[in-house]
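This report refers to the structure that appears directly beneath it.
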Amino acid sequence: MNLASTLFLAFAMSTDAFAAAVGKGATLHKPRIAEALKTGLIFGVIEAITPLVGWALGRAAAQYVTAWDHWIAFGLLGLLGARMIREGFGQAKEDDEKPKSHSFWVLALTGFATSIDAMAVGAGLAFIDVDIFSTAATIGFATMLMVTIGVMVGRLVGATIGKRAEIVGGVILIGVGSVILAEHLGYLA
C-alpha cells in the first residue's frame, strides 16, 4: 500500500471519531484546547491499537486465504465504507448528539466504539503487504488531530458536519479497497 493510500485510509478511519468529537464539542460550554487534546489523545491511542489487534487476528488466518487476500481486503473495506455512508445519511439520535459526561471512561468507550471499523480494517490489511505499525500510527495520529479539531469546532457547527464527514470517509474506504484490488489484479503498477 502506498503513502497516499495510507493517508486516505487514516483520514477515513478518523471520520467517525471526528463525528463523535463534533457531538462532544457541541455540548461543551466553550471547550478549551486541553479538553480537546485529552479527547483527541484518548481516541487516537485507541484508534492506533485496534488495527494492530485486527491485523494480528488476520495474520493468524492469512495462510488459509492467501489466494483471496486482495478480495478480502476489498470486501472488508467496501462493507465498512458502505456502513459509514449509510450511517452518515441516517438520523442522529438525540442522546448521541447531547452527551452528558466527558469523563475518561465515557471518552474511552466512545473511542472504542468508533474504532471497531479500524480493527476490521487491520484484519483486512493482514492480507496485503503493509507496514502495520506505521499504518496504525498514522491512523492514530490522524484520529488525534481530527478529534481535537472536532471538539474545538463542535460547538460552532453542531453534529451536521460530523455526518457529512462520515459519508466522505465511507467513500474514501471504498476507494482504498478498489485501489488495493486494482493493484493486485495488475491494473495499477
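The values are calculated or read from the model by the stated rules, or taken from the named source; none is laboratory data. Everything numeric in this text was worked out from a predicted model, so none of it was measured. Every residue, glycine as well, gets a Cβ built from its backbone with ideal geometry; the counts of neighbours run over all protein chains shown.
Of the residues making up region 169-185, those that are of a type in the set (G, A, S) and at pLDDT 85 or above are S178, A182. Among the numbered criteria (1) modelled with pLDDT under 90; (2) under 20 Å from A165 (Cβ atoms), which one does T138 miss? Here T138 meets the rest and fails (1). Do we have any residue at all in region 152-168 that's among the polar types (S, T, N, Q), modelled with pLDDT of 80 or more and more than 11 Å from the chain's Cα centre (by Cα)? No, there is no match, as no residue in region 152-168 is among the polar types (S, T, N, Q), modelled with pLDDT of 80 or more and more than 11 Å from the chain's Cα centre (by Cα). Does D69 fit the bill of being farther than 11 Å from G124 by Cα, modelled with pLDDT under 90 and either surrounded by 15 or more Cβ atoms within 10 Å (Cβ to Cβ) or not hydrophobic (A, V, I, L, M, F, W, C) (or both)? So D69 fails the test.
In region 1-54, the residue that is farthest from the chain's Cα centre (by Cα) out of those that are surrounded by 22 or more Cβ atoms within 10 Å (Cβ to Cβ) and hydroxyl-bearing (S, T, Y) is T39.
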